[in-house]
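Peer 1: Attaching a single structure in structure tokens format; questions to follow.
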Amino acid sequence: MKNRKAAISDKAGEMKIAKTNPLITTKRLLNIILKEYKFYLFFVVIAIVLSSLANLSGILFLRVLFDDYITPLLNKTETSFVPLLKGILTLAFIYYSGVLFTYIYNRMMMKVSQGTLKKIRDDMFTHMQTLPIKFFDTHAHGNIMSLYTNDTDTLREMISQSLPQLLASIITIISVFVSMIVMNIPLTIVEILMIILMTMVTKKVAGKSGKHFMEQQKNLGILNGYIEEMMEGQKVVKVFNYEEESKERFVQLNNNLRQSAYHANKFANSLMPILGNIGYLNFVLVAVVGSLLAINDVSGFTLGGIAAFLQLSRNLNGTVGQISNQINAVIMALAGAERIFILMDEEPETDDGYVKLVNAKIQDNGEIKEVPERTGVWAWKHPHNDGRVSYKQMLGEVVFDNVDFGYSEEKTVLHNISLYAKQGQKIAFVGATGAGKTTITNLINRFYDIQDGKIKYDDININKIKKADLRKSLGIVLQDTHLFTGTVADNIRYGKLDATEEEVVAAAKLANADMFIRHLPEGYQTMITGDGGNLSQGQRQLLAIARAAIADPPVLILDEATSSIDTRTEKIVQEGMDKLMEGRTVFVIAHRLSTVKNSDVIMVLEQGRVIERGSHKELIEKKGKYHQLYTGAFELS
Amino acid sequence: MIKKIAGYVGEYKKAAILSPVFIILEVIADIIIPYLMANMIDIGVGMGDMEYVYKSGLIMVGVSMLALIFGVLSGRYAARASSGFAGNLRKGIYYNIQEFSFANMDKYSTSGLITRLTTDVTNVQNAFQMIIRVAVRAPIMLVAAMIMSFYISRQAALIFLGTIAFLGFALYSIIMHAHPNFVKVFEKYDILNASVQENLTGIRFVKAYVREEHEVKKFKKASEVIYQYFLKALNYVILNAPVMQFAMYTTVLLLSWLGAKQIVSDTMTTGQLMTLFTYSSIILNSLMMLSMIFVMMIIARPAMERIGEVLVEKSDLTNRENPVYEVKDGSIVFEHVNFSYAGKEDNLNLENVNLTIRSGETIGIIGGTGSAKTTLVQLIPRLYDVTGGSVKIGGVDVRDYDLKTLRDQVSMVLQKNVLFSGTIKENLRWGNKYASEEEIIEACKLAQASEFIDTFPQKYDTYIEQGGTNVSGGQKQRLTIARALLKKPKILIMDDSTSAVDTKTDALIQKALKESIPNTTKIIIAQRISSVQEADKIIVLDDGRVHGFGTHEELLKNNDIYKEVFESQVKGADTDEE
């Protein structure tokens, strides 16, 4: 069974690699943003354009400042400072509107990014709820969790920071280029050559550091795995005096990580100084070429022109540097987005069922009538092809007819299982770990679908029943009781969300849980946190029984429900369980044969097959496997 | 705390110092360049002196090359120092955890320790690199640029001072307003993550009770809260960019006015004005960087605190001076033992336990959940220290032994046992690194494990997955017993170690242990009477007290708890199956 999991997750891994396509991911992400925020984005783009233009006009003002204001003042062709003041005031107006637009687009982007993230998170969770149990079996919880934490975080960085910055950068670059071309073409060519050089260097350095960053992530993963394993087993380490050995391997893995982190950062850190100094080189070149042009009086190039061009060039270099800084963030965010999309593309659980569970009333003439209110009687509502609707009272009879099942096509784990559970009967499964007991119960509520044979519920093929309705009619109590954060009452109410306070107490009383709940600091309102760590195993079990009781299902599945409780505590739990089982069809898987003894039918499973079946008495007399299991200890002693 | 953590820079101190030194050199070059630019424009371009343009251009390229070299070197040393520091820190934490006693371990959750070793260290590493690179650069750039501007024009320097004051105040108040909101955002984040985690572990219940929509509703509510808090925090953060722009633009406007006036009155040159523009952007950038460091520190602080917590945690179980290095025999004596996990006399988990166990005896322990069975046996290999009284092995108080010696002689199979990724052989060698092939097979025979190992295609070289997930519960238990046996201990403790093994195999294990290692004291905690009824003596525990201590027959006669358990299990003809 474990190999099966490994095989599937390997396949999933391959899929992830095959699907990688940053363009498609980007497009899909943009679509999500556009769908909700088209209007916003439109104004964001306008605001960014205006804000960039304001910034640009400031740079261009330099030329005007030198050529149109300062030079005439110097040459005494103009004596008043009023035109200068006017010019500066005009620029001030442009500048401060730029500030306003910057604020506007930042504010709008905040809504867009947070709203998009919320949407992605909500969609991801909503979709996750529709996925089949198989998905949760084959994906490590840690990996799923990291979609909600790491991947969403990097996405937040990208949408709220990188995206507007990149947009602004592109607009800056375009407008700067246009201005440059207008000002002077030869200098623009110098500029373009330098930009090409910068891009090439960036690509080279970023590529090197990227390679080491991948290495670093890999080493980090290995180290994390080791740490996780050793921390889980820390007590064993202590008991076996294994500290030194555990350190040895740690040091080795830690060194690997340190090495790759060093190389990755070494390259990443050198990018900025390299780009900065190419910028200076660029400056010198422009100054030299510009001076030559000005001195030789080519195309009326002026001092102000050079000053403004130099400023433009600095601006351009800075922008290119900024883009290269954002690239890593974008790549990481796209990788995260892709993982999120893979989850969203997982096939949801299919449900072709059309038979529904409804509240019903049995009329005097024996006919079943659907009613809106809860009556304690349920019926299966069965629509037919010809538009006719028939009703059948829900009794809780379950029939397996030659059922075969395997988690994967190749390996069948259940063979030819047939069983007949009448209303109110107790059916027990016994057998070794891995014999297939739990698997059978997982087929009844359709956590998994069978490969061959038939399962019928009240004579209806369970494939025809809507999954939600099927599951509502089945109550389960498992060995590991899972409690949710909330009050004790909330947890019991999980079985029936609209249950009144009286119903909650009644269910707790039925399960023998009322006593201990009343002794809790705040009774039914006591908060349960961290999966009920503050309750004992027995208490948790009692709550699980109460939860099943309030749901009041006709069929119950008890999977090792009492096995982690000691014999003395079990007595109390057992009493609650017995009350719960009254009048219901019950499937029970138990560790202790005493729990199983009074079942109507006991099925002994071995390697996915039923090898013996019958009542306790019959099986003991048969002197087969059951007899051996049951009496083994005494033969030996 | 910071001092303690900073100590882990260790052998990377050189790199940690060299990096800022090179940064200072780089900054000096960076500051000279705009000055050179000014001259180039004023004298070279302005006067049409091409020779000067070439000359100063060459000098500029030279200085820029130096700046490049210094920059790359400082980046390299910063990378070395920060990755080395992080490595040392991880090692420090990990080593210290290895020294933890069980009591220390109980204080931290496994996931908490993992987070400290991974995410927290990474956060500190990033902050550290940031600090040695930027925390030096920014103030120096700021001061140097200020000095140069002052040199060029006092009035301009005054404008800059005004800008610095304005921005410093504005950025500070933005951070101060945003920070508490971010703290709340992260709290809410934790809640959201916890609910996803809960949903994942409980997915079978969610599906079985058809509560998918209910869960989605819960999630959306939590997600909406985060959205709202985020907007609140970001409301301040989005002021950052416009405020910066405002300061920058205002400076440019004032400089233009001032510059024009001074150029006309011949107290400033065109090149100098250009340089002042450059310095103004350097100053603003430095301020921005300083505010980033500030934010980084705020993020890294809780991580540092969590790391520090583990680093200062000291084990309370230490060797006394001149410890005993030899365990004479496997006799065990409990004398008036009191024990409390909390270390409080008024909240005892074990109360006045008195027991005498002879070397080589087999002792069973029976008792309900919470009766302190595990607690009792954990005192024998000194996994915890007694709160009162004493535990003696071979006539010597366990606190007087060398810890390693003691634990080598007391082998314990834990209730929550773990196998590690690696082959079966490697796992078994935890018990004895130098165990021969024969010894390993022998131990597996005793533990009734050889039978199933032989059915594996790769036998003893079969690879065990992390946590031993590819063997069944019963197989895992038998492997852990074999591992404990390989130690050849004087005392063997099995804490409910055969619960997943079928009755027959369980009995075979008991029998093999009795016959093959008769001189080893065997202590067996069990749920089933059948597992212990053959023992020389049985301890019945109830609520932290010894309720009975005697043979099976004696206890059946005079111990009501034992009788009750026996009846529920045996008279009801109940045994267990695997």
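The values are calculated or read from the model by the stated rules, or taken from the named source; none is laboratory data. Values in this document were obtained by computation on a predicted structure and should not be read as measured data. Reconstructed Cβ throughout: ideal geometry from the backbone, glycine too, with neighbour counts over all protein chains shown. Remember, those area values only see protein heavy atoms, side chains included, never the ligands or the DNA or RNA. Shrake-Rupley method; radii C 1.70, N 1.55, O 1.52, S 1.80 Å.
Peer 1: Conditions first: (1) at the interface with chain B (Cβ under 9 Å from one of its Cβ atoms); (2) at pLDDT 85 or above. A:SER291 passes all but one, so which condition is the exception?
Peer 2: Every condition holds for A:SER291 apart from (2).
Peer 1: Only residues that are closer than 18 Å to A:VAL505 by Cβ and either surrounded by fewer than 24 Cβ atoms within 10 Å (Cβ to Cβ) or in contact with a helix residue (DSSP H, G or I) (Cβ under 8 Å, 6 or more places away or on another chain) (or both): list them for segment A:538-556, please.
Peer 2: Within segment A:538-556, A:GLN539, A:LEU542, A:LEU543, A:ILE545, A:ALA546, A:ARG547, A:ALA548, A:ALA549, A:ILE550, A:ALA551, A:ASP552 meet the criteria.
Peer 1: Would you pick out the residues in segment B:362-374 that are within 27 Å of B:ALA512 (Cα to Cα) and either open to solvent by 20 Å² or more (accessible area, probe 1.4 Å) or at pLDDT 85 or above (or both)?
Peer 2: B:THR362, B:ILE363, B:GLY364, B:ILE365, B:LYS373, B:THR374
Peer 1: Any chance segment B:34-48 includes a residue that's surrounded by fewer than 18 Cβ atoms within 10 Å (Cβ to Cβ), assigned by TED's automatic domain parsing to the domain that holds B:ASN285 and touching a Leu at 6+ places or on another chain (Cβ under 8 Å)?
Peer 2: Taking every residue of segment B:34-48 in turn, none turns out to be surrounded by fewer than 18 Cβ atoms within 10 Å (Cβ to Cβ), assigned by TED's automatic domain parsing to the domain that holds B:ASN285 and touching a Leu at 6+ places or on another chain (Cβ under 8 Å).
Peer 1: Within segment B:472-501, can you find the residues that are assigned to a loop (DSSP other than H, G, I, E, B) and either open to solvent by less than 20 Å² (accessible area, probe 1.4 Å) or within 21 Å of B:GLY368 (Cα to Cα) (or both)?
Peer 2: Across segment B:472-501, the qualifying residues are B:LEU486, B:PRO489, B:ASP496, B:SER497, B:THR498, B:SER499, B:ALA500, B:VAL501.
Peer 1: Kindly indicate whether B:PHE85 is in a helix (DSSP H, G or I) and touching a Leu at 6+ places or on another chain (Cβ under 6 Å).
Peer 2: Against the criterion (in a helix (DSSP H, G or I) and touching a Leu at 6+ places or on another chain (Cβ under 6 Å)), B:PHE85 does not qualify.
Peer 1: Moving to a separate point now. Would you confirm, using the coordinates I've provided, whether A:LEU470 is open to solvent by less than 10 Å² (accessible area, probe 1.4 Å), part of a helix (DSSP H, G or I), more than 10 Å from chain B (Cβ to nearest Cβ) and not polar (S, T, N, Q)?
Peer 2: no
Peer 1: Do the conditions hold for B:LYS392, that is, is it assigned by TED's automatic domain parsing to the domain that holds B:THR356, open to solvent by 50 Å² or more (accessible area, probe 1.4 Å) and of a type outside the set (Gly, Ala, Ser)?
Peer 2: yes
Peer 1: Considering only segment B:421-440, how many residues are in a loop (DSSP other than H, G, I, E, B) and either open to solvent by less than 10 Å² (accessible area, probe 1.4 Å) or over 23 Å from B:ALA500 (Cβ atoms) (or both)?
Peer 2: Selection size over segment B:421-440: 6.
Peer 1: Within segment A:484-505, track down each residue that is in contact (Cβ under 8 Å) with a residue 40 or more places away in the chain and part of a helix (DSSP H, G or I).
Peer 2: A:VAL488, A:ASN491, A:ILE492, A:ARG493, A:GLU503, A:VAL504
Peer 1: Separate question: Got at least one residue in segment B:349-358 being part of a loop (DSSP other than H, G, I, E, B), under 30 Å from B:LYS107 (Cβ atoms), over 25 Å from the mean Cα position of the chain (by Cα) and not assigned by TED's automatic domain parsing to the domain that holds B:PHE150?
Peer 2: yes
Peer 1: For segment A:200-210, which residues satisfy the criterion of being open to solvent by 30 Å² or more (accessible area, probe 1.4 Å) and modelled with pLDDT under 85?
Peer 2: Passing the criteria: A:LYS203, A:ALA206, A:GLY207, A:LYS208.
Peer 1: Which pairs do you get when a residue that is surrounded by 18 or more Cβ atoms within 10 Å (Cβ to Cβ), found in segment A:606-626, comes within reach of a residue that is β-branched (Val, Ile, Thr) and in a loop (DSSP other than H, G, I, E, B), reach meaning Cβ atoms under 8 angstrom, with the pair 6+ apart or on two chains?
Peer 2: A:GLY608/A:THR412; A:GLY608/A:VAL413
Peer 1: Of all residues in segment A:361-406, which are on the phi > 0 side of the Ramachandran plot, under 40 Å from the mean Cα position of the chain (by Cα) and loosely packed, with under 14 Cβ neighbours inside 10 Å?
Peer 2: A:GLY376, A:ASN402
Peer 1: Same structure again: Answer with yes or no whether B:ILE203 is within 30 Å of A:LEU91 (Cβ to Cβ), without any contact (Cβ under 8 Å) to a residue 12 or more places away in the chain and at the interface with chain A (Cβ under 10 Å from one of its Cβ atoms).
Peer 2: Judged against the criteria, B:ILE203 is not a match.
Peer 1: Here is a follow-up. Open to solvent by less than 10 Å² (accessible area, probe 1.4 Å), touching a helix residue (DSSP H, G or I) at 6+ places or on another chain (Cβ under 8 Å), in a helix (DSSP H, G or I) and within 18 Å of A:TYR280 (Cα to Cα): which single residue out of B:MET65, B:MET60 fits that description?
Peer 2: Result of the check over B:MET65, B:MET60: B:MET60.
Peer 1: Then there's this: Residue check: is B:SER74 closer than 25 Å to A:LEU223 by Cα, touching a Phe, Trp or Tyr at 6+ places or on another chain (Cβ under 6 Å), in the same structural domain as B:ARG133 (by TED's automatic domain parsing) and among the polar types (S, T, N, Q)?
Peer 2: no
Condition check ((1) of a type in the set (A, V, I, L, M); (2) facing chain A (nearest Cβ under 9 Å); (3) closer than 30 Å to A:LEU443 by Cα) across all residues:
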| site | (1), (2), (3) |
| --- | --- |
| B:ILE152 | yes, no, no |
| B:MET176 | yes, no, no |
| B:ASN181 | no, no, no |
| B:LYS188 | no, no, no |
| B:ASN193 | no, yes, no |
| B:PHE219 | no, yes, yes |
| B:ILE226 | yes, yes, no |
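Peer 1: Let me ask something additional. Within segment A:224-239, how many residues are within 17 Å of B:LEU428 (Cα to Cα) and either in a helix (DSSP H, G or I) or at pLDDT 80 or above (or both)?
Peer 2: Total meeting the criteria: 8.
Peer 1: Then there is this: Does B:GLN510 satisfy being of a type outside the set (Gly, Ala, Ser) and assigned by TED's automatic domain parsing to the domain that holds B:ARG358?
Peer 2: Criteria met by B:GLN510.
Peer 1: Check A:ARG609, A:ARG592 and return the single one that is modelled with pLDDT under 75, assigned by the TED database to the domain that holds A:ILE444 and under 40 Å from the mean Cα position of the chain (by Cα).
Peer 2: Step by step, each of A:ARG609, A:ARG592 is checked, and only A:ARG592 is modelled with pLDDT under 75, assigned by the TED database to the domain that holds A:ILE444 and under 40 Å from the mean Cα position of the chain (by Cα).
Peer 1: Evaluate the following for B:ALA482: is it in contact with a Cys (Cβ under 9 Å, 6 or more places away or on another chain) and not β-branched (Val, Ile, Thr)?
Peer 2: yes
Peer 1: Moving to a separate point now. Take the conditions over 25 Å from A:ASN219 (Cα atoms) and more than 9 Å from chain A (Cβ to nearest Cβ) and apply them to B:ALA135. Does it pass?
Peer 2: Judged against the criteria, B:ALA135 is a match.
Peer 1: Let me ask something else about it. Restricting attention to segment A:473-528, which residues are farther than 26 Å from A:LEU357 by Cβ and buried (at least 23 other Cβ atoms within 10 Å of the Cβ)?
Peer 2: Across segment A:473-528, the qualifying residues are A:LEU483, A:VAL488, A:ALA513, A:ILE517.
Peer 1: Would you point out the residue of segment B:121-152, among those that are open to solvent by less than 30 Å² (accessible area, probe 1.4 Å) and out of contact with any Leu (no Cβ under 9 Å at 6 or more places or on another chain), that is farthest from B:ILE23 (Cα to Cα)?
Peer 2: Looking at the filtered set, the residue picked out is B:ALA127.
Peer 1: For the subset of segment B:296-323 comprising residues that are over 22 Å from B:GLN98 (Cα atoms) and surrounded by 19 or more Cβ atoms within 10 Å (Cβ to Cβ), which member is nearest to the other protein chains (Cβ to nearest Cβ)?
Peer 2: B:MET296
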